[in-house]
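Presented below is the structure to which this report refers.
The values are calculated or read from the model by the stated rules, or taken from the named source; none is laboratory data. Nothing here was measured: the structure is a model prediction, and the numbers come from that model. Please note: Cβ atoms are built from the backbone with ideal geometry, for glycine as well, and neighbour counts cover all protein chains shown.
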Amino acid sequence: MSAAVSLDALLQSGALGRVRKGIFASDPRARSSGLADLDRVLPDRGFPPGITELAAPHGMGGASTIALSAIQAAQARDKRVHCAWIEPRLSGTLHAPFVDRMGVSRDRLVVVRPPPEALARVALEVVDSGAFEVVAIRIGRARGLDARHVRKLALLAEERGGIVLIASDGTSSGWRAWPVTLRIELHRAPSFISVKVTRDRRGRTGATGHVVPGHEAPERPARDVAP
């Protein structure tokens, strides 16, 4: 699955960034995850601007479902919204049928697969552009990001008003905690995703719940683009 235009072309033109500034960039409020069950567990009833770590064994555990739900919800709020998905080259975790099943518009989803050693640089460029309402970054077992990169991403995301979701292997032993806005631990069961809030910038941790994919949060109508 590839983007209709290259990432370099999008970032150099600045067009998406200019459009997005008129939509959400000045809005500090949390935005719905797209899943009603998850919104009820999250401290702000949605994902706040900044970084949310989706911590699960091997970066799996339902992280893709949650990230794509957030992307679909952002696209539904405004027809002009674009989002981005970043994962290491050859990881192969994102497939078109799954994206379509989640209701995501592939025309407004830019997928970038850099080599692992370039993951941090590409992520910083994408978030810094301000062009994308939601940026999902899958790292799994890869070590393309460290705490230093995460701090930079967090500052950029909060300045740009964007939501960055990082799917990590953060439940494994030896994983060092990151300076993120919000952290939720995920565990996949046959019919639901178990979630627990383990970090929040205001100390509101401990909330737990079960997320059943398909229990969408109520959506605001998409805004029409003026001619």
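Can you tell me which residue is farthest from residue 75 (Cα to Cα) among those in segment 100-120 that are of a type in the set (Lys, Arg) and within 17 Å of the chain's Cα centre (by Cα)?
Among residues in segment 100-120 that are of a type in the set (Lys, Arg) and within 17 Å of the chain's Cα centre (by Cα), the one farthest from residue 75 (Cα to Cα) is 113.
I'd like to verify a number: residues in segment 117-150 that are at pLDDT 85 or above and in contact with a Ser or Thr (Cβ under 7 Å, 6 or more places away or on another chain), how many?
Qualifying residue count for the region: 1.
So, restricting to helices (runs of 4 or more DSSP H) that lie completely within segment 36-129, which ones have at least 3 residues that are buried (at least 16 other Cβ atoms within 10 Å of the Cβ) and on the phi < 0 side of the Ramachandran plot? Walk me through how you get there before you give the answer.
Numbers: elements: 36-41, 63-77, 96-101, 119-129.
Passing ranges, in order: 36-41, 63-77, 119-129.
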